[in-house]
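No value in this document is a laboratory result; all are computed from the given coordinates. Keep in mind the model is a prediction, meaning the values are calculated, not measured. Glycine gets a Cβ as well: all are built from the backbone with ideal geometry, and neighbour counts include every protein chain shown.
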Amino acid sequence: MDDEIKAKIKLKCLFKGYLILGALPNTIRIPVDGCFKGLEDLEMKALLNVVVVLCVIGFSNSVFGTVVGLQTGTSTWSQDPMGQWGTPWSPENCLNGSWEAWSTQQYPNPAMNQVAAWETQSDFGYTEGTILTITLTHTDGGGYGLGDSLLGRFKISVTTDSRDTFCDGVYDNGDVDSEPAGWTELSFTSWSITGSDAPMEFIDLGDNSLLVDVSKGISSAGNYETVYVVTAQTNLVGITGIRLDALAHESLPGGGPGTQGADKSFPGAIWLSQITVDASPVPEPGTVALLGIGLMFVKRQRKL
C-alpha cells in the first residue's frame with residue numbers, strides 16, 4: 001500500500017469518525033479485538049483507537065451521568081432532634097457516608113408517616129429526560145443491632161421549586177413541603193435489595209410506593225448492611241430537591257413506617273444511614289442501532 005493510498009484512507013477514517021461523533025455525541029462504539037485484526041498499518045490502528053476513545057468519553061459523560069449532591073437535610077421527626085445527647089440522628093447524617101443515620105426512634109406515636117427531604121446542591125435534569133438511580137443504605141448502627149430497622153414502605157419525589165420554599169434544616173416538624181409546584185412523585189421502573197441475610201422482596205403497591213414483604217423475612221438486627229436501589233425516569237428539568245416519604249402500613253412491625261422488630265423499644269422505627277442519587281440522560285433514540293454503525297465502520301476499515 002503506497003503512501004498516497006494510506007493518506008486517503010486516514011482522511012476517510014477521520015471524516016467518518018468525526019461525522020459519527022458530531023451527529024451522535026451520546027453514542028459509544030465498542031470495537032472488539034477482532035475488528036483490528038489484519039490492520040498492518042500502526043498509524044491506522046492508532047487513528048481508529050482515537051475515534052473509539054472519543055466515543056467512550058462521550059458515552060461515559062452521558063450514560064453514566066453525574067452524582068447529585070444533596071444538602072440541608074430536614075425531617076418531620078428525627079431521634080433526639082435538638083441534639084440533647086449529642087448530634088441529632090437526622091437526615092443530614094445520610095450524607096456523610098458513615099453508619100450514622102436518620103433515625104425515627106423515640107417518636108411518641110408509632111405507625112405514623114415520616115418524611116426526610118434534601119435540597120440538591122445545584123439544579124439538574126436533562127432535556128431529553130433523566131434516569132435517576134437512588135441508593136438507600138441501612139446499617140446495623142455501628143454494631144448496635146439496628147440491622148432490622150429498614151424502610152418498610154416508601155415513595156420518593158422531586159421538585160423544581162425554589163430552595164427557599166422547603167428544607168429549613170429542622171429535624172422535628174421541619175419544612176418538607178415545597179411551593180408553588182410542590183413535589184412530583186417518581187414512578188419506579190426497577191428495584192432491588194442486596195446485603196440482607198433474609199430473602200427480602202418488595203411489593204409494588206401501585207401508588208408509587210414500595211412495601212417490604214415481611215412474609216419473606218427482614219434483615220436480622222445484626223445484619224451489617226441492607227441496600228435498596230431504585231430507578232425512575234423524570235422529564236423535569238431544574239430539579240432542586242428530593243423527598244423520601246416513609247409510610248405506615250398495617251403489615252409492618254408496629255405499623256411501620258420502618259421494620260424495627262416488635263420486640264424492640266421502638267417497633268416500626270427506621271435507621272437509614274445513607275442516600276445517594278445518580279442522574280443520567282435518557283439514551284437518545286437509535287442509540288443501539290448507532291452502536292452497530294460504529295462497529296461496522298471499524299470492521300470496514302479493517303478490510304481496506
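Look at the dipole of the stretch 67-272 built from charges on Cβ: of Val67, Met82, Ser149, the Cα furthest out on the positive end belongs to Ser149.
Model label sites at Ile203 and Val229, defined 7 Å from Cα along the beta-carbon direction, differ in position by 2.6 nm.
Computed about its Cα centre, the charge dipole of the stretch 67-272 is approximately 300 debye, with only Lys, Arg, Asp and Glu carrying charge at their Cβ. The gain in end-to-end length when the Glu128 to Glu250 segment is fully stretched comes to 39.9 nm, 0.36 nm per residue minus the alpha carbon separation.
If R0 is 45 Å, what FRET efficiency do you get for Tyr144 and Asp168 from their C-beta distance, rounded to 0.05? Efficiency computed from Cβ-Cβ geometry: 0.95. Using only the alpha carbon atoms of the stretch 148-294, find the Kirkwood hydrodynamic radius as the inverse mean reciprocal pair distance, in angstroms to one decimal. It works out to 17.2 Å. Straightening the chain between Asp175 and Gln71 buys 36.0 nm, computed as 0.36 nm per residue apart minus the Cα-Cα spacing.
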